[in-house]
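Following: one structure in structure tokens, then a few remarks.
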There are 12 protein chains.
Amino acid sequence: MAAATEMKDHVYKIFDLVGSSETSIEDAIHNAIARASKTIREMKWFEVVQTRGHIENGAVRHYQVLLRVGFTLED
Amino acid sequence: MAAATEMKDHVYKIFDLVGSSETSIEDAIHNAIARASKTIREMKWFEVVQTRGHIENGAVRHYQVLLRVGFTLED
Amino acid sequence: MAAATEMKDHVYKIFDLVGSSETSIEDAIHNAIARASKTIREMKWFEVVQTRGHIENGAVRHYQVLLRVGFTLED
Amino acid sequence: MAAATEMKDHVYKIFDLVGSSETSIEDAIHNAIARASKTIREMKWFEVVQTRGHIENGAVRHYQVLLRVGFTLED
Amino acid sequence: MAAATEMKDHVYKIFDLVGSSETSIEDAIHNAIARASKTIREMKWFEVVQTRGHIENGAVRHYQVLLRVGFTLED
Amino acid sequence: MAAATEMKDHVYKIFDLVGSSETSIEDAIHNAIARASKTIREMKWFEVVQTRGHIENGAVRHYQVLLRVGFTLED
Amino acid sequence: MAAATEMKDHVYKIFDLVGSSETSIEDAIHNAIARASKTIREMKWFEVVQTRGHIENGAVRHYQVLLRVGFTLED
Amino acid sequence: MAAATEMKDHVYKIFDLVGSSETSIEDAIHNAIARASKTIREMKWFEVVQTRGHIENGAVRHYQVLLRVGFTLED
Amino acid sequence: MAAATEMKDHVYKIFDLVGSSETSIEDAIHNAIARASKTIREMKWFEVVQTRGHIENGAVRHYQVLLRVGFTLED
Amino acid sequence: MAAATEMKDHVYKIFDLVGSSETSIEDAIHNAIARASKTIREMKWFEVVQTRGHIENGAVRHYQVLLRVGFTLED
Amino acid sequence: MAAATEMKDHVYKIFDLVGSSETSIEDAIHNAIARASKTIREMKWFEVVQTRGHIENGAVRHYQVLLRVGFTLED
Amino acid sequence: MAAATEMKDHVYKIFDLVGSSETSIEDAIHNAIARASKTIREMKWFEVVQTRGHIENGAVRHYQVLLRVGFTLED
């Protein structure tokens, strides 16, 4: 979906990640990526594959996103 | 997508629900679940199957989410 | 997904559009539709087909949504 | 797919329904909805999810449609 | 999608078939099945996998259906 | 799905279109294509991507088809 | 997928159901249907839409199946 | 999904098959393949495309699997 | 996807075929169709449903394509 | 699909795994997870994405399952 | 799938295009994009949605690709 | 899709990989696998999940493939 003006012949690896948040979908994305960045450098993009959540007492308890994340394999 | 540490041999039933909001996707989810909670107890989780919206005069008029919702059948 | 109480025998045309935002998914939707409204009138609805984003230094740099948008062909 | 000029913040519930007819796909849709209208009011739209049929002696015996149907939850 | 009150432990084989008609989708289904029945006996059901057509001078020239067809393997 | 006996190295462009009819699915296809033919020449084929409809008072009010339509780009 | 030799113009309704078992996929199907049969009569067929499970200490703790179930609407 | 250590430039043909069993999913697979092996030699692999079943009196009457089966075309 | 200017009311049958090649995807397509043409006449079109391959010692050993192929049933 | 009564803001990582067995689908799941548990702790759930198998001499030689497996990233 | 190091808040529009070639899949992609570039500037990326072809006398007559193409809307 | 004559009860792990090339789809596959082989041994097969590319000045700048790759977990 994205364009790239300076992209080179990189090789990317992709992994799937689930994050959650009590406040919003964007915050669940943020939490997942922040946690993954502790061990994986050079993450470049994500795709939201699934958006879910848990309900307690008739209200959303938290949002949960399944992300696909791509990162560059350095040479 | 979710893990469950204390889950037992429950049977869940699933139904589909559409909610909308003028302000955000999260609020559309909230409205759908709040309305459904009037008649269905023990809702446990939801999945966002589709996110849509209506446009008026070149601006988003409201967001509309299609949810799948699961609830426990009590014994 | 939507109901229509006064819909007539309109013919709609659909196109796909990508918008982005640094702040939220809703803002990325807004930006795409606002830009499209410069040249296309009578847009009526959208569907979010894909939600993605870019990552820089372990944080979301911006959100990117792929929308399908429908507009009325006037007679 | 549909536009709505006067739509409000309704919540819709969706259910799946199978109807059949010996004459046509449209008649199978009609039969399913007519039967469902005996118990469900305020149905607003349907989507044909699957079209099938049975064959006897090398000819179509009847058509069978799987519909998703949405109806309004009144406040 | 279908129920069966007297079904036994049959084994079915499935094949895909394309038929067309100038008049209607139902007639395209009919043409495909009538042609196949010349060589295959015991066809039991079909599913419409795709509905297409050709356009000439701004009008539908003919409808074309892609069917999956199941038939019984006799013992 | 279709065969072509005299097809050359044409380039086709595809667009999506929604048409509707109170009488039948075929008529909804017809209405969409007739309307599009006012501005687009050389349409060659269509595919029915989605079949929906609206319900009023427990009866089908009209059918609505989402078509993908291909037309030739002339050299 | 199924053939029906004596099927009439029934209308079916479909609902989704999740069942689980510590022993097998078949037992999870059994548990879901047995529980549903307490309130729904005339169930005729099911389809396994998803098969999942939970893991504890590196072993399968239980299987979980998501079923679509069809039942006849009596006249 | 499968690896092959000695695979050569074979050409495979694929067909779809439905089998059923009153006891288990594995037995339904077995029945389908055993029946097909009467006329087709050199079957090499299968994929379970759909798992369904029939219900009688609130219990599973039999399981039904839709298989894709590949076999070698000999030279 | 294809247009047809002189297509008549043919009935097509479709089958699935796997071919492979050590050199290219196009050659794998070629090998599959060449082998099938020994027994099936009047093949008209193909679609590449899946592209795979085998790896040996960190290099592509051969490409493997899954094709759907349509051929005319003569009257 | 699963509910969770005590789930917290965990981040999960997901990976795909293929296991096989000569006896049953459940045993193939077991073998895959038992092997993975040698190096990955805190696996919480799996989903069966694909069920396949190999055929020898007209009988199932072994079953093969493709699983998606989620495990907790500890803080 | 692609990363972008200098991407700004562009809005992209997407359209679908079919190209063909007698020699290779890559050449069919080339032909489609070269033809589209006569009227559309600022095309940035494409995705191959479908790969098909026509067969004559048991050999591939030409390859045909369906592309989704994205281009920037200038401000 | 593949057959295996000597396959044993291996467990495979799968990962996703993006590679690119300025010359061809096959070369993009080659580049991705060659790079991955630096750290992962015993890769056995791949599947092309997506084929994309970037456009510059109305011409293909490079091809980009998304691969799923399976490798054996040694005992």
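The values are calculated or read from the model by the stated rules, or taken from the named source; none is laboratory data. This one's a predicted model, so the numbers in the text were calculated from it and none came from an experiment. Counting neighbours? That spans all protein chains shown, and the Cβs are built from the backbone with ideal geometry, glycine included. SASA here: full protein model, heavy atoms, side chains in, ligands and nucleic acids out. Shrake-Rupley method; radii C 1.70, N 1.55, O 1.52, S 1.80 Å.
Annotations
- Residues satisfying the stated conditions in the range K:48-58, i.e. more than 7 Å from chain I (Cβ to nearest Cβ) and over 16 Å from residue K:29 (Cα atoms): K:56, K:57
- Residue within the range G:8-15 that is away from chain H (no Cβ under 12 Å), surrounded by fewer than 17 Cβ atoms within 10 Å (Cβ to Cβ) and modelled with pLDDT under 95 present: yes
- The one condition in (1) at the interface with chain H (Cβ under 9 Å from one of its Cβ atoms); (2) open to solvent by less than 30 Å² (accessible area, probe 1.4 Å) that residue G:62 fails to fulfil: (1)
- Of residues in the range L:20-35 being within 7 Å of another protein chain (Cβ to nearest Cβ) and aliphatic (A, V, I, L, M), the one surrounded by the fewest Cβ atoms within 10 Å (Cβ to Cβ): L:34
- Considering the range A:37-47, and only residues there that are facing chain C (nearest Cβ under 8 Å), in contact (Cβ under 8 Å) with a residue 12 or more places away in the chain and not charged (D, E, K, R), the residue that is nearest to residue C:51 (Cα to Cα) turns out to be A:46.
- Scanning the range E:38-59 for residues being acidic (Asp, Glu) and either part of a strand (DSSP E or B) or open to solvent by less than 10 Å² (accessible area, probe 1.4 Å) (or both) gives a total of 2.
- Pairs with Cβ under 9 Å, 6+ apart, first in the range J:16-32 and free of Cβ contacts under 8 Å to residues at least 12 places away in the same chain and under 10 Å from residue J:62 (Cα atoms), second open to solvent by 50 Å² or more (accessible area, probe 1.4 Å) and in a strand (DSSP E or B): none
- Among the residues of the range I:14-37, just one is assigned to a strand (DSSP E or B) and within 21 Å of residue K:18 (Cβ to Cβ), namely I:14.
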